[in-house]
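The values are calculated or read from the model by the stated rules, or taken from the named source; none is laboratory data. Everything quoted here is computed from the prediction, not taken from an experiment. Here Cβ is always computed from backbone atoms with ideal geometry, including for glycine, and neighbour counts include all displayed protein chains.
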Amino acid sequence: MTELGNICLWIALLIGLWGAAVAFMAGRTHRADLGRSAERSIFALWGLLVIASAALMHALLTHDFNVEYVAAYTSRNLPVFYTWSAFYAGQKGSLLLWALVVTTFGSIALVVNRGKYQELTPYVAGTIAVIAVFFIATMVFASNPFERLGFTPPDGRGLNPQLQNPGMVFHPPMLYLGYTSISIPFAFAVAALVSGKLDTGWLHAIRRWTLLSWLFLSCGIVLGMWWAYVELGWGGYWAWDPVENASFLPWLTMTAFLHSVMIQEKRGMLKKWNIGLVVGSFLLSIFGTFLTRSGVISSVHSFAQSNVGYFFLIALVLFAVGGFGLLWWRWPMLQAEVQLESMVSREAAFLFNNLVLILIAFTVFLLTIWPIISEAVRGTKVTVGPPVFNLVNVPLGLGLLLLTGIGPLIAWRKASAQNLKRQFLWPTVAMLVTAAALAAIRMSYASSILAYALGAFVTVTVVQEFVRGVGARHRLHGEMLPLAFVRLVGRNRRRYGGYVVHLGMVMLFAAFAGLAFKRETEVTLKPGQSVDVRSPYGWTYHLTHQGISQYDELNRFVTAASMDVSKDGKYLGTMKAEKRQYLDSMGQPTAEPATEVAIRSDAREDLYIVFAGSVQGTEQAVYKIVINPLVWWVWYGGLVLAFGGLITLWPSAQGPTPASRRRAEPAGYVAQVGA
Amino acid sequence: MWRKSALSLLALALAATSLAAQTPPGAGPSAQDSALSRQLKARPGDSLGRLEVPEAAGRGVAAVTARDNSALVRALEEKIHCTCGCNLSVYTCRTTDFTCTTSPAMHQLVLARLDSGMTEAQILDAFQRQYGEMIFMSPPRHGFNLVMYFLPIVGLGVGLGLVVGVVKRWGKVAARDRVERAAAPEGVATPEELEKLKHVLEHFEA
């Protein structure tokens, strides 16, 4: 099977090169036969990569340890669930997954848009083929998943213990889906630039893809945070690690695009900016992989480092020169159709929103690569840790939260004083009351007070919109309130889905603000000894060390330290924190013991217990105990965010707005001029 | 009713557990049996039993004292980068990555330097002499590092300037367009509108 997989990769490389060449020729010559050939090349690429993926999966599931990748990431006693996830646990497998997903999405995009955007389609197919060729060539020439060893080991090295967690099964593919789905908007942007067909038609074609990509990235990021929280045992979920930043950067630029594209659709403005954002997002997705795979910056994700960095660096430069070169070439054709009239308008609010998002992206990018810059310029490597990231991003984040409330409510073109009063009176009152109440109870952190006050502001703006919309439907159509609510959302999914996303963001900001009140302590306890830990809410946890037990479980040997927990005298239960020594099929340790934390979570706070180790091999245990306020809101905020994204993504009978449809046709420009 | 059922089930489970604990070795122990027997072995009667497989509980740790995590020690160690290759401060690494041997050693060095009477600034200087600037979690705010600290602010200024400038320029154009449209007779386009129309028609006919 692996020989078949290898052959498939080579054939895919040749077909990809053919597809890319004929696609661009088809675009230039308008030859339908070449266009069809290019389209079929993408389908053939997909088919070949499916076979190659099946071959790798077969090797993993049948424990073919002669294949280097299988020996490096699996072992005979690895549960099937994680054997399956080993497909993308290492670099070689994840490159195959990238290529497979790019061609899958490319094929879907070509099928869905068949008969539409005929001037764009050949270039879209060509761009997808180029991207696929890059990944296939990297596999074939630098990092082949089917590479064989000179001998067959009796067992594999097994999967990194930290990756043996359900969060790690879903987090990487989600991020890969997010990264790869940006390829489709990028392909359409390139097609629009090359063909010169720069009306909003290409934006209609990519709308769902951009939302899908944003949704996958959002889910991938939140799942990654969850994995870090439950698996790494440091009591946090975001450390501004370079690999975390790599996933955050395209998310920021995609979020900016999702907002600014509305201005182009509604008002025919920001055309250059939007194309720049799509190209930039794609480049950042490649940059993310470059950062992960090159090992250029040390990080906790060092298990993913290897030698394909140069391939990614060259690709990054070529795609950047190509994408921005095309934008520069078409610059004169991308003039705004109307001009912005006032600083107090929705267009201006969205401009400021974009400014803040891009500034955060710029800052995160700069701080992430600063150690490399410093080393290159001064020969001195420096460390840029979380304090520096927080110093800049906390105020910017708060500014973004404020704009989250202002943007959706302020009027298009120019807001009147009456409009401002009508829309912002109650949100402002809520903000001031919240700030005053928190100051009155002596909340100690100004940034947290500001975050909660702004959160109240945004929440009231969203609730007010729903209340007014439902009320209007109830009065006009006599609908019952629940029915009016469902129809209100159903008739304008993009708008109300967006509001739900904003509520999710408020929940996330509330959780981030709660981090300021985190409390942690380290204690050493003998069995029967206790410690009291005071919560920031005022109650006290009484924790009693019960002892340490050791036992076999699946593919590991567990050392579990148990604690009885009570809160203000009320018994809550026993919490068990573990050390897991993973073993291969011959009972030999595969890595150092991994930490498994014990977490008791509710909407107010998490009690988070880490078993640090035993003192001199006795039952005397060292514990790290953390009280983390409002962590629950990160996970549920993420769910609300994803739910809002799904509402927005759900197909609507109406399609694009009339203004946007008008801009998709050449005659629409005349209509605008006459308006 | 359900409470009674739950209690009965619990009693049954407890009884089964005690039975399992009495199962003699070699009688085909399951994972659970093995766990219980190991735990029983680990309690030889004194208050501080020994683990049967101590190495499975990770690197042995020393008992934590109040001084290990005093406010001063923690503040110092949160400024120092662990050199094991992770991206964490010494404090976070030694209280998180229990496989790391570098951060506990750096912690001992911090304690020793405090014991020798060095001030916080002197300790940080000593670490910098030993490892260079990369030892700090935040690069020192001088020289070339200032570029890193000020670039986001410059970016904000430039961005704000651009947005405000663009909005003002567009605002003037829009106001002039409105005046011209108001002044133009019904059905007659302004020169800009005619230019746009011409451009669109050329594009349409191409």
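Determine whether A:L543 is at pLDDT 95 or above, among the aliphatic types (A, V, I, L, M) and touching an Asp or Glu at 6+ places or on another chain (Cβ under 8 Å).
It is true that A:L543 is at pLDDT 95 or above, among the aliphatic types (A, V, I, L, M) and touching an Asp or Glu at 6+ places or on another chain (Cβ under 8 Å).
Residues to consider are A:I11, A:I51, A:I15; find the one that is among the hydrophobic types (A, V, I, L, M, F, W, C) and either at pLDDT below 95 or under 29 Å from the mean Cα position of the chain (by Cα) (or both).
Result: A:I51 is the single residue among A:I11, A:I51, A:I15 that is among the hydrophobic types (A, V, I, L, M, F, W, C) and either at pLDDT below 95 or under 29 Å from the mean Cα position of the chain (by Cα) (or both).
When you look at A:E619, is it over 30 Å from A:Y499 (Cβ atoms), of a type in the set (D, E) and within 11 Å of another protein chain (Cβ to nearest Cβ), yes or no?
Yes, satisfied.
Tell me which residues, restricted to region A:344-368, are part of a helix (DSSP H, G or I), of a type in the set (G, A, S) and more than 8 Å from chain B (Cβ to nearest Cβ).
Scanning region A:344-368 gives A:A349, A:A361.
Does A:A336 satisfy the condition of being among the hydrophobic types (A, V, I, L, M, F, W, C) and more than 8 Å from chain B (Cβ to nearest Cβ)?
So A:A336 does not fit the description; no.
Looking at B:L156, B:L124 in this structure, which one is at pLDDT 70 or above, part of a helix (DSSP H, G or I), closer than 30 Å to A:R378 by Cβ and facing chain A (nearest Cβ under 7 Å)?
None of the other options fit; the residue is B:L156.
Keeping to region A:602-650, report how many residues are in a loop (DSSP other than H, G, I, E, B), touching a residue at least 24 places away in the same chain (Cβ under 8 Å) and farther than 22 Å from A:V222 by Cβ.
Selection size over region A:602-650: 2.
Confirm whether A:P173 is in a helix (DSSP H, G or I), surrounded by 23 or more Cβ atoms within 10 Å (Cβ to Cβ) and under 20 Å from the mean Cα position of the chain (by Cα).
For A:P173, the condition - in a helix (DSSP H, G or I), surrounded by 23 or more Cβ atoms within 10 Å (Cβ to Cβ) and under 20 Å from the mean Cα position of the chain (by Cα) - is not met.
Would you be able to tell me the number of residues in region B:69-109 that are more than 7 Å from chain A (Cβ to nearest Cβ) and assigned to a helix (DSSP H, G or I)?
Total meeting the criteria: 19.
Looking at region B:115-145, which of its residues are buried (at least 18 other Cβ atoms within 10 Å of the Cβ) and more than 20 Å from B:L88 (Cβ to Cβ)?
Passing the criteria: only B:N145.
Can B:M148 be described as part of a helix (DSSP H, G or I), under 17 Å from B:V90 (Cα atoms) and within 9 Å of chain A (Cβ to nearest Cβ)?
Judged against the criteria, B:M148 is not a match.
Can you name every residue in region A:374-390 that is more than 20 Å from the chain's Cα centre (by Cα) and more than 8 Å from chain B (Cβ to nearest Cβ)?
Within region A:374-390, A:E375, A:A376, A:G379 qualify.
Being away from chain B (no Cβ under 14 Å) and without any contact (Cβ under 8 Å) to a residue 24 or more places away in the chain is the filter here; which residues of region A:492-533 pass it?
Of everything in region A:492-533, those that are away from chain B (no Cβ under 14 Å) and without any contact (Cβ under 8 Å) to a residue 24 or more places away in the chain turn out to be A:N492, A:S530, A:D532.
Which residues, counting only those in region A:369-399, are among the polar types (S, T, N, Q) and part of a helix (DSSP H, G or I)?
A:S374, A:N390, A:N393
Can you say whether B:G143 is more than 23 Å from the chain's Cα centre (by Cα) and either outside any helix (DSSP H, G or I) or in contact (Cβ under 8 Å) with a residue 60 or more places away in the chain (or both), as far as the supplied structure shows?
The answer is yes for B:G143.
Tell me the residue from B:V200, B:V173 that is assigned to a helix (DSSP H, G or I), surrounded by 12 or more Cβ atoms within 10 Å (Cβ to Cβ), in contact with a Pro (Cβ under 7 Å, 6 or more places away or on another chain) and modelled with pLDDT under 90, please.
Within the list B:V200, B:V173, the selection yields B:V200.
Cβ-Cβ below 6 Å, separation at least six or inter-chain, first residue in region A:534-555 and on the phi > 0 side of the Ramachandran plot, second in a loop (DSSP other than H, G, I, E, B) and at pLDDT below 95: which pairs?
That search, which allows pairs on different chains as well, returns A:G547/A:P527; A:G547/A:E619.
Checking A:Q418 against (1) surrounded by fewer than 22 Cβ atoms within 10 Å (Cβ to Cβ); (2) within 19 Å of the chain's Cα centre (by Cα), which test does it fail?
(2)
Looking only at residues in region B:46-67 that are more than 7 Å from chain A (Cβ to nearest Cβ) and not in a loop (DSSP other than H, G, I, E, B), which one is surrounded by the fewest Cβ atoms within 10 Å (Cβ to Cβ)?
B:R67
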